[in-house]
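Coordinate-derived values only; no laboratory data. Since the model is a prediction, treat every value here as computed from it, not as a measurement. Heads up, the Cβs are rebuilt from the backbone with ideal geometry, glycines too, and the neighbour counts pull from every protein chain shown.
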Amino acid sequence: MAVLTLRARGPAAAGVVWARYVFPARWPTWSPYIGAVRADGDRIVPGLRGTVVSRLGISAAFLVESVDEEERRWSWRVRSGPLRMRLHHAVSDDGGGAVTTLRLEGPAPVVAAYSLPARWALRRLVRR
């Protein structure tokens, strides 16, 4: 099991960044590799299940494990075939914008491969 933490800082307000996370329908607007999200609800809450579909047509099932609105933190598990990852997200205010943190947990090759598109998405997440 590998663990990797990524961070991005940008000018968007922390509340704006959090709202981009909270509503799965908004994920494709900042994550360039997500083509669609199908979920059994319109907001992340513990127990929310769904599927993320990449622009290449690869699907991954997900389950939201925890959400802390006050602390702006949430965690979820993602599965595509035999590949599994756990992702922990956090958003904080840095006084002039937001900082977002993503901790990836999973098999080393999967974490390494996902880290590049994840960095790209995080940078887009915190921009205006």
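Values computed for the structure shown
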quantity	calculated
Some residue of segment 50-59 being surrounded by fewer than 13 Cβ atoms within 10 Å (Cβ to Cβ) and of a type in the set (D, E, K, R)	yes
Segment 104-126, subset outside any helix (DSSP H, G or I) and either among the β-branched types (Val, Ile, Thr) or exposed (fewer than 15 other Cβ atoms within 10 Å of the Cβ) (or both), residue nearest to the chain's Cα centre (by Cα)	126
Which numbered condition residue 32 fails, given (1) within 19 Å of residue 7 (Cα to Cα); (2) crowded, with 18+ Cβ neighbours inside 10 Å; (3) of a type outside the set (Gly, Ala, Ser)	(2)
Number of the exception - residue 96 against (1) farther than 17 Å from residue 8 by Cα; (2) among the small types (Gly, Ala, Ser); (3) in a loop (DSSP other than H, G, I, E, B)	(1)
Residue in segment 76-89 that is closer than 16 Å to residue 30 by Cα and either hydrophobic (A, V, I, L, M, F, W, C) or surrounded by 15 or more Cβ atoms within 10 Å (Cβ to Cβ) (or both) present	yes
